[in-house]
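The values are calculated or read from the model by the stated rules, or taken from the named source; none is laboratory data. Owing to the predicted nature of the structure, the values given are computational and were not obtained by experimental measurement. Cβ placement follows ideal geometry from the backbone for every residue including glycine, while neighbour counts extend to all protein chains displayed.
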Amino acid sequence: MSDVGLPPVSERVRSLHARMTLDEKLAQLVGYWVDQGDELVAPMAGEMATSTKYEDASAHGIGHLTRVYGTRPVDPVERAAWLWNEQRRLREQTRLGIPAIVHEECLTGLAAWKAATFPTPLAWGASFDPDLVDEMGRLIGDSMRQLGIHQGLAPVLDVIRDPRWGRVDECIAEDPYVVGTIGTAYVRGLQDAGIHATLKHFVGYSTSQAGRNHAPVHAGPRELADVLLPPFEMAVRDGGVRSVMNSYSEIDGVPVAASEELLTDLLRERWGFDGVVVSDYFSVAFLHTMHAVAEDLGEAAALALAAGIDVELPTGDAFAQPLARAVRDGLVDEELIDRAVLRVLAEKEELGLLDETFDEPPAEIDLDTPAHRDVARRLAEESLVLLSNDGLLPLDRQAPTRLALLGPNADSAEALMGCYSFVNHVLAHHPEVPLGLELPSLADALRVEFADAAIDVVAGCDVTGHDASGIPDAVVAAREADVAVVVVGDRAGLFGRGTVGEGNDVDDLELPGIQRRLVEEVVATGVPTIVVVLSGRPYAIGWAISGPATPSAVVQAFFPGEEGGPAIAALLSGRAAPSGRLPVSLPRSAGAQPYTYLHPILGGPSEVTSADSTPALPFGYGLTYTTFEHSRLTAPEESATNAEFTVSVDVVNTGGRAGVDVVQLYARDLYASVTRPVAQLVGYARVPLEAGQRAVVEFQVPSARLAFADRRGVRIVEPGDVQLWVGGSCEEQETSASMRLTGPVHEVTAADGRTVSVDVTAPVDA
């Protein structure tokens, strides 16, 4: 048996494996969803649910226990007691005594009742702050470890390609470098706490046709190599991630779950990944039911196993009895099963499971400590993007005597959280169960922030639907107020139970329902109006940014989590300063999709078409309460194609308030052997400066940051001229420089750097 893709396997593991029967081996390659009921928390879960009783499925042990905390609202302490007993049973009452890996969703925090809910990944991207995301990952991992959980199904490293896709709120950005650096930071944080992270969804899931979930993908090999794969490679090579999950996608007719080229040749042989590949829920069976490349579940199991999937989640629909029959009928080589089993046993040894005694479960546990809330607040504040401001913001906390707080999301805690938050993912099926933690709505937070003001809360309309009967009351409340705050956007959910989230794809990008009408009628009163968009995707709200009748200010909040209400209130009052930047372009329209700022010349506007895909606001855009000036960008005249080069820029806070600048370094390869983007983010840095302070930001850039796939599909750095610039977005060239890459064409290897190091001098008075 080949050892390619195997971790270092101890003699203990090899000895344990040598004792195993076929049934015991297969038991290690499947999960069991003990609590699965009628709740729809995974695609087609009702159709694919196994009928095998747990006692029978675990008679020979079990590989994974699926979401024992995250399927229903269960008390964490009581559930931990159950889990400790169950692990002891597996140790004491099965022949080999191997405990199970427990996995849970943890995209916005541990998806369990009473656990902290952090901002959604799109907000991580808006923060441009990997260090804070690392800190969040550690806290999430600490909570999971205390509960006996071993593996987290996060982060999502899909690069956003089309905002119509419902799972955009789970993604970080439309730029692969931002996705890679922030996603890898999350991996490090989670794994430093002892939890194995799982990269999702490898690969191409976000590139689905027309932005539809589970739709075919038509990405070419260059788009895969240059855009979709780099974040995963970074998390594997630099983050040391221990688990990867396949995507549901079929790319050019080949389902990823059956792609040996991706799951073995690329992931393991080229990148050196030696962890465990787990299937996305039911995706092995989907080879039979949805892709129709397998005639039955046994053939589906054979295809997935040969491709490189080691564990079938959430249950053993294909890897249990159907795979056993295929082996006994001589249709599957048992060596493929041995390969996967050794990887799983090595993972269990690495996690300490083979030595764990499960003596005493936790008697008490706090899943939402002050530390959790502090990080949730800071990340929420950093993620808020100020899209427009005519000077109304920040509001004087003492000035408004009456605020009209309007809109369907004004007094909704659920509107602050993404699809994979426990509140929207699970509690939506249990309306009788309390939220389990403190989740102040924006209305709650504004009553605290503006304690002396009268606040009138009127919904005006729902998130969806066309009932306009409440709009007149909202207009009246606005007219009677000093300032109106209209809170619109999304309600996250799954599979049609919301406006964004898994399975909630759209064919237009207007605000859902009649929310635009509500905003326009409030603005028409002439009362100073602030619009807050609480959403999981960017909407086509260019009409609210520029035009004859626009709000005084627009704030974009990408599901900012449990501290999102106070964070928004603090931004409106000026107690917190806006520093978020758009991690995805603000679209002009649905008809302009798919769009990416990483487009070649032909992807932008031109005189030969009447259609314009230019976004309403570009990637990287965001206002602050002060002003920053960038100057004196310096770069070497020449640098070798296989070397690093240094770029520096001066940054000055020219305004009257303290603030944080997100310094963005872009590049353009002017002429190349294949078409290249008109702009590409090379590096970024968050730089806090007091009013009047100056700092120098220095970027140490490996040449591989300018690599691309050539006509052979090989990633190279070519000699040639490169334009560099720094500005407030990908479109703003505030200060620029030119350099030339010299020497022979350089083929990128694993030894080449993938990240840019940044050094910021101590701020001084300008």
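Tabulated values for the structure
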{"item": "Meets criteria (among the basic types (Lys, Arg) and crowded, with 21+ Cβ neighbours inside 10 Å) for Arg694", "result": "no"}
{"item": "Of all residues making up segment 187-214, the number that are surrounded by 20 or more Cβ atoms within 10 Å (Cβ to Cβ), outside any strand (DSSP E or B) and among the basic types (Lys, Arg)", "result": "1"}
{"item": "Check on Leu263, of a type in the set (A, V, I, L, M), touching a Gly at 6+ places or on another chain (Cβ under 7 Å), touching a residue at least 40 places away in the same chain (Cβ under 8 Å) and assigned to a helix (DSSP H, G or I)", "result": "yes"}
{"item": "Qualifying residues in segment 399-416 (those that are touching a Leu at 6+ places or on another chain (Cβ under 8 Å) and either of a type in the set (A, V, I, L, M) or at pLDDT below 95 (or both)) - the one farthest from Phe118 (Cα to Cα)", "result": "Leu403"}
{"item": "Strands (runs of 3 or more DSSP E) wholly inside segment 596-692 containing at least 1 residues that are touching a His at 6+ places or on another chain (Cβ under 6 Å) and touching a residue at least 60 places away in the same chain (Cβ under 8 Å)", "result": "644-653"}
{"item": "Among residues of segment 90-117, those that are surrounded by 20 or more Cβ atoms within 10 Å (Cβ to Cβ), assigned to a loop (DSSP other than H, G, I, E, B) and of a type outside the set (Gly, Ala, Ser), counted", "result": "9"}
{"item": "Verdict on Asp333 being in contact with a His (Cβ under 9 Å, 6 or more places away or on another chain), free of Cβ contacts under 8 Å to residues at least 24 places away in the same chain and over 18 Å from Val9 (Cα atoms)", "result": "no"}
{"item": "Residues (surrounded by 24 or more Cβ atoms within 10 Å (Cβ to Cβ), among the small types (Gly, Ala, Ser) and either over 22 Å from Leu586 (Cα atoms) or in contact with a Pro (Cβ under 7 Å, 6 or more places away or on another chain) (or both)) located in segment 368-426", "result": "Ala376, Ala380, Ser383, Ala404, Ala410, Ser421"}
{"item": "Verdict on Ser469 being surrounded by fewer than 18 Cβ atoms within 10 Å (Cβ to Cβ) and of a type in the set (S, T, N, Q)", "result": "yes"}
{"item": "Leading residue by the ranking (surrounded by the most Cβ atoms within 10 Å (Cβ to Cβ)) among those in segment 753-766 that are touching a Gly at 6+ places or on another chain (Cβ under 7 Å) and outside any loop (DSSP other than H, G, I, E, B)", "result": "Val758"}
{"item": "Filter result for the condition that a residue is touching an Asp or Glu at 6+ places or on another chain (Cβ under 6 Å) and either of a type in the set (A, V, I, L, M) or more than 20 Å from Leu122 (Cβ to Cβ) (or both), over Ala443, Ala428", "result": "Ala443"}
{"item": "Long-range neighbours under 9 Å by Cβ, at least six apart or interchain, first residue of a type in the set (S, T, N, Q) within segment 391-406, second part of a strand (DSSP E or B)", "result": "Thr401/Ala454"}
{"item": "From the options Val276, Val217, Val236, residue that is crowded, with 23+ Cβ neighbours inside 10 Å and under 17 Å from the mean Cα position of the chain (by Cα)", "result": "Val236"}
{"item": "From Gly591, Gly542, Gly565, Gly536, residue being among the small types (Gly, Ala, Ser), in contact with a strand residue (DSSP E or B) (Cβ under 8 Å, 6 or more places away or on another chain) and either surrounded by 24 or more Cβ atoms within 10 Å (Cβ to Cβ) or without any contact (Cβ under 8 Å) to a residue 24 or more places away in the chain (or both)", "result": "Gly536"}
{"item": "Exclusive hit being free of Cβ contacts under 8 Å to residues at least 40 places away in the same chain, under 20 Å from Thr315 (Cα atoms) and of a type in the set (Val, Ile, Thr), set Val284, Val236, Val278, Val217", "result": "Val284"}
{"item": "Some residue of segment 444-454 being of a type in the set (Lys, Arg), over 22 Å from the mean Cα position of the chain (by Cα), farther than 20 Å from Ser573 by Cβ and assigned by TED's automatic domain parsing to the domain that holds Ala404", "result": "no"}
{"item": "Residue that is nearest to Pro587 (Cα to Cα) [pool: residues in segment 146-171 that are buried (at least 24 other Cβ atoms within 10 Å of the Cβ) and charged (D, E, K, R)]", "result": "Arg161"}
{"item": "Matching residues in segment 355-367 - criterion: being more than 22 Å from the chain's Cα centre (by Cα) and either crowded, with 18+ Cβ neighbours inside 10 Å or of a type in the set (Ser, Thr, Tyr) (or both)", "result": "Thr357, Phe358, Pro361"}
{"item": "Test: Leu435 is modelled with pLDDT under 95, of a type outside the set (S, T, N, Q) and within 27 Å of Asp374 (Cβ to Cβ)", "result": "yes"}
{"item": "Selection count, segment 651-691, where residues are in contact with a helix residue (DSSP H, G or I) (Cβ under 8 Å, 6 or more places away or on another chain) and surrounded by fewer than 17 Cβ atoms within 10 Å (Cβ to Cβ)", "result": "2"}
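One line per residue, one yes/no per condition, for (1) touching a strand residue (DSSP E or B) at 6+ places or on another chain (Cβ under 7 Å); (2) of a type in the set (D, E, K, R):
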residue	(1), (2)
Asp142	no, yes
Gly152	yes, no
Arg164	no, yes
Ile172	no, no
